[in-house]
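Peer 1: Here it is, the structure in full.
The values are calculated or read from the model by the stated rules, or taken from the named source; none is laboratory data. This structure is a prediction, so every number in the text was calculated from the model and none was measured. A quick note on method: Cβ atoms are made from the backbone with ideal geometry, for glycine too, and the neighbour counts reach across all protein chains shown. With ligands, DNA and RNA removed, areas are computed over all heavy atoms of the protein, side chains included. Shrake-Rupley method; radii C 1.70, N 1.55, O 1.52, S 1.80 Å.
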Amino acid sequence: MVLSVNEQNFSQEVLDASTPVLVNFWAPWCGLCKRIVPQLVEFQAEWDGQLKLVGVNADQNLKLASTYRLKTLPTLILLDRGQVLHRLDCFLGREDLRRTLDAFMVGYQNRREGQLLYTAS
């Protein structure tokens, strides 16, 4: 299930989250936006506990759409404590989306492990 987020609760649900958050910016008129949701939910389930998935209706949250400079929908942004780690504005299909999402998380894990090793030294 995708948690619906808006301008009022974006800070609490996304910027202050203790885990990385994959934000799916979408719109009701966007067919591709609707088609990728099952794949995003499946991806979140595989990374259970390590990733939070939220959806933002870009048409109803113009301030957020402007803040993140959306040029196309869907746009996926992976944030960790408010910092943009990765951004996906377009993809070529189901497999391309999957490879990109996996790369997001592997990159995130490697980054976290590096920080933990650096901190432990």
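Peer 1: No other cysteine beta carbon under 4.7 Å away is the test; run it over the chain and list who passes.
Peer 2: Flagged as lacking a Cys partner: Cys90.
Peer 1: Rolling a 1.4 angstrom probe over the protein heavy atoms, how many square angstrom per residue are accessible across the range 1-46? Intermediate values should be presented prior to the final figure.
Peer 2: Working: 2500 Å² over 46 residues.
In whole numbers, the range 1-46 has 54 Å² accessible per residue.
Peer 1: Placing +1 at every Lys and Arg Cβ and -1 at every Asp and Glu Cβ, with all other atoms neutral, what dipole size does the chain have around its Cα centre, in debye to the nearest 20? Don't skip to the answer; put the middle values down first.
Peer 2: Working: 13 positive and 13 negative charges, 60 e Å.
Its charge dipole is roughly 280 debye.
Peer 1: Name the residue from Tyr68, Val84, Leu53 whose Cα lies farthest towards the positive end of the charge dipole of the chain, charges +1 on Cβ of Lys and Arg and -1 on Cβ of Asp and Glu.
Peer 2: Among Tyr68, Val84, Leu53, the one farthest towards the positive end of the dipole of the chain is Tyr68.
Peer 1: Just to confirm a number: summing +1 for Lys and Arg and -1 for Asp and Glu over residues other than Trp47 whose beta-carbon lies under 14 angstrom from that of Trp47, what do you get?
Peer 2: Charge balance in the 14 Å sphere: -2.
Peer 1: Between helix 94-120 and the chain, what is the angle of the helix's C-alpha long axis to the longest principal axis, kept within 0 to 90° and rounded to the nearest 10?
Peer 2: The angle comes out at about 30 degrees.
Peer 1: For a quick check, take a GNM of the chain with Cα springs below 10 Å and name the residue from Leu22, Leu62, Leu78 with the largest mean-square fluctuation.
Peer 2: Result: Leu62 has the largest fluctuation of those listed.
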